[in-house]
Amino acid sequence: MRNPTGMSPLPFHRPESAPPDMKSPETRSPALAWLGHPLTVTAVVVLLLNDHLLKPLWPSALSGKLSDVAGLIVAPPLLDLLVRRPRLSILVTGVAFTLVKTTAVGAALASQAWTLVWGPSRVLADPVDLVALPALYAAWWAWRHPDARAVRLARAAIVVPLTVLAVAATGQVDTFTPYSAYAVDVIDGTIVVATRGGSQPWLTGTGFASGDAGESWSGRTVQETLPERTSACVPGLPDRCYRIVPGRLKVEESRDGRWVTAWEVSPDDQAWLARAYDPEYPDGTGVVASLGIAVQRLPGGHVVVVANGADGIALRDVSGAWHRLGWVEGKGFASTAAPSLTSPGRYEDSIHTIALSAAFAAGVVALGCGVRRFGFFVAALALWAGVSSFRSGMDTAILFNPFSVLLGIALMSAGAGGMIMSAVRGEAPLRTWVIGAATAVVTYYAIMTPFRAWSAGWLDSSSSAFNLSTVLGIATVCAGVLTVIRLGGPRRNPR
């Protein structure tokens, strides 16, 4: 067609805002472009290789940090498939990682989440892992530098499930099963207890040793297979012997040619301990019963050590007094760590903390649905981080950590103020606040009630209590949100 002006045509210039069908693939599908970026795909491969090959073969701090780095690169683009806000996805990933690695509450919530998805798991808080946070810059760089080849629907169909599998499988590596002391012996004057379970249940030959008659303990590799003795005598005194009663937490000793009870836990208390340690794991892990016994002769008397499965050990000191020693993770045993048989609460104290945290989150979500302002949720996140920083600053070996405490106070003040300002600007009526507060209170009791029922013996296992508390908690939150949306929304001016 001839140019009507008679002038030579100008060189082609691509308009800044092209129609959707003319845009580049990475512009049409930014989330998939980010997820399919070569750097992200490389991180996925690293996750799979590291968690399924390197960690089992060469477990070390390096392999653990490698998973953290790769996970921080992969998680933001995976989250962005739902959020569709890259900066927010990176921020949420960083904040969540920080809370999990620096607070007991964050680690406990992550553990419960992995347990719900993959079975019994534990995520350990370790502030040293925060050295991996700069990996978020790599995720940001991949987002800012899309690769035109990254978006191919066929390729994305492979990358997305592979990414989800890689991230999920990372949590499976930290599978935690309750510790179990299954055998005990005296080797070269040292008491050695063989154990199973923990954060790395696949490891064998683990145990703890004491060279001071059970006063202190340290980790020890048990090279030889310890005999699982059911009876033992005091060296040099063949008429002074002890034996365990199979299936019971009970020890008998020989006196005047007959066996009498030396120490025992009643069947009812043993049944409670079995519920507390959840006896649903294989290979003796979780079993609460006396499994092995050993005797060490010392100047002035002798000590008796009994391996009691998930309940730790029982120790008879030189004076003849018996003590239950519970698990101190990674350090051995201590009498202060043994669950009390007389306390009214029969679940871990962390359950209270988890319930309070979940109740706070439920109240914030319900109230936020009434306020309907993004700044409200950002302020709530700042308040959460402030509480965590303040608690970690107060829970130190010294008096307190001034930096963490001051940072916590600042974040809590800013967060609370931001939430109030957002609610005022959103014109949230009083009923919205009432419904939000009620949602928080009801959620707390919805989570705690199944555990209290389990502790009273009305539920068979902790997993049943956890599943029921999860269902009730989610139902409570949904009810609160629906109530706010229906009754507690912002005021609307009449037309």
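When the solvent-accessible surface of protein heavy atoms is calculated with a 1.4 angstrom probe, in what order do Met421, Met448 fall, highest first?
Met421, Met448
Return the long-range amide H neighbours of Thr206 (sequence gap of 5 or more, or a different chain), with a cut-off of under 5 Å between placed amide H atoms.
Answer set, sorted by chain and number: Thr195, Val222.
Once fully extended, how much extra length lies between Leu298 and Trp140, figured as 0.36 nm per residue of separation less the alpha-carbon to alpha-carbon distance?
Taking Leu298 through Trp140 to full extension adds about 50.5 nm, to one decimal.
Extending each Cα 7 Å along its Cβ direction at Phe374 and Glu215, get the distance between those two points in nm, one decimal.
6.3 nm
By how many nm would the segment from Thr190 to Thr261 grow when fully extended, if each residue of separation counts as 0.36 nm and the alpha-carbon distance is taken off?
Result: 22.9 nm gained on full extension.
Give a residue-ordered list of calculated ³J(HN,Hα) values for region 242-256 (Karplus: 6.51 cos²θ - 1.76 cosθ + 1.60, θ = phi - 60°; whole Hz; x for Gly, Pro).
For region 242-256, the Karplus-derived couplings read 10, 8, 8, 9, x, x, 10, 8, 7, 10, 10, 10, 8, 9, 6 Hz, x marking Gly and Pro.
For the residue pair Ser464 and Leu91, what label-to-label distance in nm results when each label sits 7 Å from Cα along the Cα-to-beta-carbon direction?
Taking the two extended label points, one gets 4.5 nm.
In whole Å, what is the distance between the alpha-carbon centres of region 288-312 and region 412-488?
Between the Cα centre of region 288-312 and that of region 412-488, the gap is 46 Å.
Once both labels are modelled 7 Å past Cα along the beta-carbon direction, what's the Val45-Thr353 spacing in nm?
Distance between the two pseudo-spin positions: 4.0 nm.
The values are calculated or read from the model by the stated rules, or taken from the named source; none is laboratory data. Quick caveat, the model's predicted, so the values are computed rather than measured. So basically every Cβ, Gly included, is an ideal-geometry build from the backbone, and we count neighbours across all protein chains shown. These accessible areas exclude ligands, DNA and RNA; they are computed on the full protein's heavy atoms, side chains included. Shrake-Rupley method; radii C 1.70, N 1.55, O 1.52, S 1.80 Å.
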